[in-house]
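Undergrad: I have a structure I would like to understand better, so I am pasting it below and will then ask my questions one at a time.
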């Protein structure tokens, strides 16, 4: 999925969140912004948004001399959601359909995204998704596919959200599920350190994409990840970044996400801010 003009404001907004959060020294804010604007003026638009974001955030990390400028943000959102985990776990157990409830909570967690145009409220999203009609709902197909799958690949997205992913995987309870994270820090996307922090290794085998893009980019993913992606019986992909990188792949993928921008919404024919469980059509 190629970059569109609408991706540029999201990119600037991501930088401004670092500025407003006091993560960038005031002495370099203007210079770094100018470097970012030059970068954006020169990028080829025939690449995916995650590819652009990967290169941009390499520039930011280099300027800051900081390998993980979102570390504090990630730690805070992981703690916030871990504090909610027991209550949400009980809510799942009490529900009439634990699979559906846990899946919806995992989708709601996708609003914790510092690379998106707007930050949405997690508590409001939880309340909304539990009673909303999903704009696209292929969850019955997903549930059935999981019953016969020998191997499952679950591709994660953001910090905080990863706690909801763990709750969903607890319900899935598959004996051979792999959970993919980023190889190195980028934005508030999850790494192996985040997976360990929230106990993903208790419900799945953590692996990496082999890349530091905030979304899977096939060309720069590791051979090990590509093999796992191709051979898994079921692939679950969380979030817009992974959707942007994998939407045109020639294999079935179950995309769970919140449509955070108009371009994504139009691509899958839903309204913006819709909750979606979509299995792509492979031609």
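Just so it is clear, none of the values below were taken in a lab; they were calculated from the coordinates. None of these values were measured; they are calculated from a predicted model. Here Cβ is always computed from backbone atoms with ideal geometry, including for glycine, and neighbour counts include all displayed protein chains.
Undergrad: Please figure out what share of the DSSP beta bridges in the chain is antiparallel and state it in percent, rounded to the nearest 5.
TA: 25 percent
Undergrad: Answer rounded, prolate or oblate for the chain, using the Cα gyration tensor with square roots of eigenvalues a ≥ b ≥ c: rounded when a/c is under 1.5, else prolate when a/b is larger than b/c, else oblate. Could the numbers behind the result be given before it?
TA: Working: a/c = 1.58, a/b = 1.42, b/c = 1.11.
Prolate.
Undergrad: May I pose another question? Just want the ordering: 94, 89, from fewest to most Cβ atoms lying within 10 Å of their own Cβ.
TA: In order of increasing Cβ crowding within 10 Å: 94, 89.
Undergrad: Give the separation of the Cα centroids, the range 267-283 to the range 37-94, in Å.
TA: For the range 267-283 versus the range 37-94, the Cα centre distance is 23 Å.
Undergrad: Also: Return one number: the angle in degrees, 0 to 90 and rounded to the nearest 10, between the long axis of the Cα atoms of helix 7-20 and the longest principal axis of the Cα atoms of the chain.
TA: The answer is roughly 80 degrees.
Undergrad: Among DSSP bridges having both ends in the range 122-227, what percentage is antiparallel? Round to the nearest 5.
TA: The antiparallel fraction comes to roughly 10 percent.
Undergrad: For the chain, what relative contact order do you get, as a whole percent, if you take Cα pairs closer than 8 Å and at least 6 residues apart?
TA: Reported as a whole number, the value is 20 percent.
Undergrad: Between residue 4 and residue 35, how high is the FRET efficiency from 1/(1 + (r/R0)^6) when r is the Cβ-Cβ distance and R₀ = 35 Å? Nearest 0.05.
TA: Working: r = 22 Å, r/R0 = 0.64.
With R0 = 35 Å, the Cβ-Cβ based efficiency is 0.95.
Undergrad: Ok, one more. Suppose R0 equals 25 Å. What FRET efficiency, 1/(1 + (r/R0)^6) with r the Cβ-Cβ distance, do residue 85 and residue 131 give to the nearest 0.05?
TA: E between residue 85 and residue 131, to the nearest 0.05, is 0.75.
Undergrad: Using r as the Cβ-Cβ distance of residue 43 and residue 20, and R0 as 35 Å, what FRET efficiency do you calculate, to the nearest 0.05? Working shown, then result.
TA: Numbers: r = 24 Å, r/R0 = 0.69.
After rounding, the FRET efficiency stands at 0.90.
Undergrad: Which angle between 0 and 90 degrees, to the nearest 10, do you get for helix 98-108 versus the longest principal axis of the chain when only C-alpha atoms count?
TA: Here the helix axis deviates by roughly 10 degrees.
Undergrad: With everything on Cα atoms, drop me the angle between helix 122-131 and the longest principal axis of the chain, reported from 0 to 90° to the nearest 10.
TA: 30 degrees
Undergrad: As a check on your grasp of the helix formula, calculate [θ] at 222 nm for the chain: sum -39500 (n - 2.57) over DSSP H runs of n ≥ 4, divide by the residue count, round to the nearest 500.
TA: Helix-only estimate at 222 nm: -16000 deg cm²/dmol.
Undergrad: Which of 270, 111, 38, 152 has the fewest other C-beta atoms within 10 Å, and how do the rest follow up to the most? Please report the intermediate quantities before stating the final value.
TA: On the way: 270 17, 111 27, 38 10, 152 21.
Fewest-to-most ranking of 270, 111, 38, 152: 38, 270, 152, 111.
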